[in-house]
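Report on the following structure.
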Amino acid sequence: LTLMTAVYLIETADFDFLQERLPFMDGPPATVWEHMNRGLDYLFNDRNARGLVRIRFADWNDGLDGPGKGGEGDSTMVTMSLVGALRELKAIAGVANLKPIYDIDERIGLVCDALEKKTWTGEYYIRGYRDDGRPYGAPSETYGQIYINPQTWSILAEVAPRERWETLIDVTTRRLSHPYGFRLFYPAYPQYDPTIGRCSGELTGIFENGAVYNHAFAFFLHALWKAGRYAEAWKHFQKMIPDSA
């Protein structure tokens, strides 16, 4: 909600929209600004003992529905997107002269510290932890060793320091680049793993099991552009075009 609203405000400068009152599914209406604050407050308070946001029944990847079935598994990507949304909330507050309901900088600091300590391997970011505390999307795994989304969102949300961006882009390109785009992760899972979920039971290299998935690929193109690697962004973008050779 916050990221979408930020884009809307950039395009329209319609800051009166933030004061419109809209209903919750289970309560009285509140302003759009309050909805945004409370949505991010929910995510912040849905972190586990590692300080990472719980994945629950899956995150952006619907097929990754195994790591958090017990309520303690987490998602590096969602945790990073929380940081990005908090940054946008702070920017909106500054422009619109509004006061957040909590200290945004303090929360960004706490979440980034947890990400640095729990998900950074020295080369790239892991995808998260299972309910039992085992990492997934990590170098220690036989399959699904590296996922594209944490590398991308570490740049988009500015979780990774700027001097780390080139390394992240290079390792992602080396491990996940494909003639038709970028893989979701690699290597693909050869059989169903209940601690990973549905994607591991799909055919190897098909759909969400390590295939090229244009939505995640588009996130990475955005990260390339943000890092100033324009020629690479254009080169890889052409892989996405249906009639590209």
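The values are calculated or read from the model by the stated rules, or taken from the named source; none is laboratory data. Note that the coordinates shown come from a computational prediction; the quantities given were computed from them, not determined experimentally. Virtual Cβ from ideal backbone geometry, glycine too; neighbours counted across all protein chains shown. With ligands, DNA and RNA removed, areas are computed over all heavy atoms of the protein, side chains included. Shrake-Rupley method; radii C 1.70, N 1.55, O 1.52, S 1.80 Å.
Please go through region 212-244 and give me each residue that is open to solvent by 40 Å² or more (accessible area, probe 1.4 Å), touching a helix residue (DSSP H, G or I) at 6+ places or on another chain (Cβ under 9 Å), of a type in the set (A, V, I, L, M) and not in a helix (DSSP H, G or I), ordered by number.
Val212
How many residues are in a loop (DSSP other than H, G, I, E, B) and of a type outside the set (Gly, Ala, Ser) when one looks only at region 39-51?
Final tally of qualifying residues: 3.
Report, by residue number, each residue of region 1-38 that is open to solvent by less than 70 Å² (accessible area, probe 1.4 Å) and assigned to a loop (DSSP other than H, G, I, E, B).
Ala13, Asp14, Phe24, Gly27, Pro29
Could you give every pair whose Cβ atoms fall below 8 Å, whose first residue belongs to region 68-93 and is over 22 Å from Phe17 (Cβ atoms), and whose second residue is charged (D, E, K, R) and open to solvent by less than 10 Å² (accessible area, probe 1.4 Å), counting only separations of at least 6 or pairs across chains?
Going by the 8 Å Cβ cut-off, the qualifying pairs are Gly68/Asp74; Gly68/Arg130; Gly73/Arg130; Ser75/Arg127; Thr76/Arg127; Met77/Arg127.
Restricting to region 52-63, count the residues that are surrounded by 17 or more Cβ atoms within 10 Å (Cβ to Cβ) and either touching a Lys or Arg at 6+ places or on another chain (Cβ under 8 Å) or part of a strand (DSSP E or B) (or both).
Summing the residues that are surrounded by 17 or more Cβ atoms within 10 Å (Cβ to Cβ) and either touching a Lys or Arg at 6+ places or on another chain (Cβ under 8 Å) or part of a strand (DSSP E or B) (or both) in region 52-63 gives 4.
Taking the options Arg198, Arg162, Arg175, name whichever one is farther than 22 Å from Phe57 by Cα, crowded, with 18+ Cβ neighbours inside 10 Å, more than 17 Å from the chain's Cα centre (by Cα) and modelled with pLDDT of 95 or more.
Answer to the check: Arg175.
Checking the condition open to solvent by 30 Å² or more (accessible area, probe 1.4 Å) and either over 27 Å from Gln191 (Cβ atoms) or not aliphatic (A, V, I, L, M) (or both), which residue from Ile108, Ile92, Ile155, Ile101 passes?
Exactly one residue qualifies, and that residue is Ile101.
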